[in-house]
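I have placed the structure first, in the form of structure tokens, so that the comments after it can refer back to it.
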Amino acid sequence: MTVGRTARRRFEGLAFPGTLGLWTAAGCALSAPAMAQEPGSGVEGRWAGSVVLPTGELPFSVTFETGDGEPAATMDIPVQGALGLPLTAVSYAEGRVHFELQASIGLAVWDGALDGDRIEGNFTQGVAIGTFAIERAEAVEPEPEEPVPYREEEVSFENGETHLEGTLTLPEGAGPFPGVVMLTGSGPQNRDEELVGFPLFRVIADHLTRRGIAVLRYDDRGVGGSTGNVAQSTTSDFAGDALAGIARLSEHADIDPARVGLAGHSEGAVVAPVAASRSDAVRFVVLLAGTSVPGAEIIYEQAAALSRAAGAREEDIVWATGFQRRLFAAMEAGEDLDAHREEFAAQIRAAIDRLSEAQRAPISDVDSYVQAQIDQQINALQSPWFRHFLTYDPAEALRQTRVPVLALFGGLDLQVLPGQNRGPMAEALSGNPDVTIEVLPRANHLFQAATTGSPAEYGMLEKAFVDGFLDTISDWILARFGN
């Protein structure tokens, strides 16, 4: 079933594992330098094939064209529902073909050789190492969209000077309806919270709206038609955006303002209790993979779990965790992070050493490359968002949340570990008379049916939620706020 519209989409990445020590807001994933762009002929048109890594095989296609004397290309990854992704650093020179894809989990780089009607070579993302091969293919026509049995309205609202734009889906029939505002996870996300080609919020909105619940989902600050900057904002700012969304939803003629709430995923599940503790307009909250301990503790456990899933040695994990603790302590003490440049450099050089000779080849000046990577990491660590995230304790707002709460965790989640967060969340909510907390055993952080829970699987898994996930949410809301 096709849900909603298909268009050029924001892409989060191929979900292959990054380097040891990766953390949510400021990873140490390597970015390969671009080759000089040089227009050429012989590669124009569509090519199809796949990337092959130990974690699996991912089909994709690339369409090359030359405009204004410069090469350009777009990528389609159909199994992830990602179409028309713009590629950068596109070049074809002396039989070598190079292109890159910007992604929040690490720059994905393809570098290969043209041999007749076939291009093959190396793929890297962070320090994920693999190969790819693509061959000439026929152009394909886009699939027609399937109409949906509900109304969709484009809406906008303001939080101070921040302008936000989104989509409101309204059930068929006469209202007023209960409604929910969706809150995305960390980083700048679009209104569908589209991760590795999986439009989580669009699928949730489709289900809830068909069940009689209106849904407002909106682009994060700086995404789509919304203004502002996520990295320069904090949880408190996002809570203000959420309450502005509640106000916009509640004023609609087909919405019952006494039956509106918030549903947040990951960081959005941290924002929702903050908003609910500030305003009586929020009548319920749904927390999907929400945290309940300070951000620094989340990062330590998350980085260790992800590194183990990527096959890192235990001694390297211990070192990386210690490095993170030293960095965060220095930040809290107001120290200059430049004092840690040597440790940064050692980590990045170790990652480079693990690359093959062919994968290291584009790095012509290792010293300059390492310094550029360090600058990027330090800038990310010093952003207002990251500094706030490190020390903020979500339990504070959870203790002040008195409206009904549904909290769901993925039993295989390696980003928000249920063993770390379920207990403290239950304790913080112990004074609330209406709390439901469940762990879905087979679910990962995106609530897909998973095998290991590693982000390396995200892009390979079916773009669908684990059985029971959607019905659990809609049944819980309707039991309390249905007609």
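The values are calculated or read from the model by the stated rules, or taken from the named source; none is laboratory data. Keep in mind the model is a prediction, meaning the values are calculated, not measured. A quick note on method: Cβ atoms are made from the backbone with ideal geometry, for glycine too, and the neighbour counts reach across all protein chains shown. Accessible surface areas use protein heavy atoms only, side chains included; no ligands, DNA or RNA. Shrake-Rupley method; radii C 1.70, N 1.55, O 1.52, S 1.80 Å.
Per-residue answers, yes or no, for (1) hydroxyl-bearing (Ser, Thr, Tyr); (2) surrounded by fewer than 24 Cβ atoms within 10 Å (Cβ to Cβ); (3) touching a strand residue (DSSP E or B) at 6+ places or on another chain (Cβ under 9 Å); (4) more than 12 Å from Phe238 (Cβ to Cβ):
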{"residue": "Pro188", "(1), (2), (3), (4)": "no, yes, no, no"}
{"residue": "Arg191", "(1), (2), (3), (4)": "no, no, yes, yes"}
{"residue": "Phe198", "(1), (2), (3), (4)": "no, no, no, yes"}
{"residue": "Ile204", "(1), (2), (3), (4)": "no, no, yes, yes"}
{"residue": "Ala214", "(1), (2), (3), (4)": "no, no, yes, yes"}
{"residue": "Tyr218", "(1), (2), (3), (4)": "yes, no, yes, no"}
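If the requirement is being surrounded by 16 or more Cβ atoms within 10 Å (Cβ to Cβ) and small (Gly, Ala, Ser), which of these qualifies: Ala333, Ala303, Ala339, Ala329?
Numbers: Ala333 fails: surrounded by 16 or more Cβ atoms within 10 Å (Cβ to Cβ); Ala339 fails: surrounded by 16 or more Cβ atoms within 10 Å (Cβ to Cβ); Ala329 fails: surrounded by 16 or more Cβ atoms within 10 Å (Cβ to Cβ).
Exactly one of Ala333, Ala303, Ala339, Ala329 is surrounded by 16 or more Cβ atoms within 10 Å (Cβ to Cβ) and small (Gly, Ala, Ser), namely Ala303.
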When every residue in segment 434-479 that is out of contact with any Lys or Arg (no Cβ under 7 Å at 6 or more places or on another chain), surrounded by fewer than 22 Cβ atoms within 10 Å (Cβ to Cβ) and among the β-branched types (Val, Ile, Thr) is compared, the one farthest from Gly423 (Cα to Cα) is Thr451
Test: residue in segment 234-250 that is assigned to a helix (DSSP H, G or I), acidic (Asp, Glu) and open to solvent by 10 Å² or more (accessible area, probe 1.4 Å)
yes
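Select from segment 361-388 the residues that are in a helix (DSSP H, G or I) and open to solvent by less than 40 Å² (accessible area, probe 1.4 Å) and list them in ascending order.
Hits for segment 361-388 are Tyr369, Val370, Gln373, Ile374, Gln377, Ile378, Ala380, Leu381, Trp385, Phe386.
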Which of the residues spanning segment 181-222 are within 13 Å of the chain's Cα centre (by Cα) and closer than 24 Å to Asn483 by Cα?
Phe201
If you go through segment 428-446, how many residues are farther than 22 Å from Ser474 by Cβ and touching a residue at least 60 places away in the same chain (Cβ under 8 Å)?
1
Within segment 420-432, is there a residue that is farther than 20 Å from Ser277 by Cα, open to solvent by 10 Å² or more (accessible area, probe 1.4 Å) and assigned to a loop (DSSP other than H, G, I, E, B)?
no
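Would segment 278-286 turn up any residue that is part of a strand (DSSP E or B) and under 18 Å from Val215 (Cβ atoms)?
There is at least one residue in segment 278-286 that is part of a strand (DSSP E or B) and under 18 Å from Val215 (Cβ atoms).
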When every residue in segment 97-131 that is touching a Phe, Trp or Tyr at 6+ places or on another chain (Cβ under 6 Å) and at pLDDT 90 or above is compared, the one surrounded by the most Cβ atoms within 10 Å (Cβ to Cβ) is Trp110
Quick one: which residue in Thr436, Thr401 is over 17 Å from Val274 (Cβ atoms), hydroxyl-bearing (Ser, Thr, Tyr) and more than 20 Å from the chain's Cα centre (by Cα)?
Thr436
Looking for whichever is at pLDDT 95 or above and more than 19 Å from Gly160 (Cβ to Cβ) here; the options are Ala253, Ala244. Which one fits?
Ala253
Residue match in segment 317-326 (condition: in contact with an Asp or Glu (Cβ under 8 Å, 6 or more places away or on another chain), modelled with pLDDT of 85 or more and either of a type outside the set (A, V, I, L, M, F, W, C) or assigned to a loop (DSSP other than H, G, I, E, B) (or both)):
yes
Test: residue in segment 439-450 that is over 22 Å from the mean Cα position of the chain (by Cα) and either within 30 Å of Arg221 (Cα to Cα) or small (Gly, Ala, Ser) (or both)
no
If Phe16 meets every condition in (1) under 18 Å from the mean Cα position of the chain (by Cα); (2) over 22 Å from Glu138 (Cβ atoms); (3) at pLDDT 75 or above apart from one, which number is that one?
(3)
Could you tell me whether any residue of segment 327-334 is aromatic (Phe, Trp, Tyr) and under 24 Å from the mean Cα position of the chain (by Cα)?
yes
Has segment 398-412 got at least one residue that is under 16 Å from Val271 (Cβ atoms), of a type in the set (S, T, N, Q), open to solvent by less than 40 Å² (accessible area, probe 1.4 Å) and not in a helix (DSSP H, G or I)?
yes
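For segment 106-217, please list each of the strands (runs of 3 or more DSSP E) lying entirely inside it that holds at least 3 residues being under 24 Å from Glu462 (Cα atoms).
Details: elements: 108-115, 118-125, 128-137, 151-159, 162-170, 177-183.
Hits in segment 106-217: 118-125, 128-137.
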Check Thr184 against each of (1) under 18 Å from Glu152 (Cβ atoms); (2) open to solvent by 10 Å² or more (accessible area, probe 1.4 Å); (3) in contact (Cβ under 8 Å) with a residue 24 or more places away in the chain and name the one condition it does not meet.
(1)
Pairs with Cβ under 7 Å, 6+ apart, first in segment 372-396 and closer than 16 Å to Ala339 by Cβ, second open to solvent by 50 Å² or more (accessible area, probe 1.4 Å):
Ile374/Arg341
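Before we move on, is Val416 modelled with pLDDT of 95 or more, crowded, with 22+ Cβ neighbours inside 10 Å and not small (Gly, Ala, Ser)?
Spelling it out, Val416 is indeed modelled with pLDDT of 95 or more, crowded, with 22+ Cβ neighbours inside 10 Å and not small (Gly, Ala, Ser).
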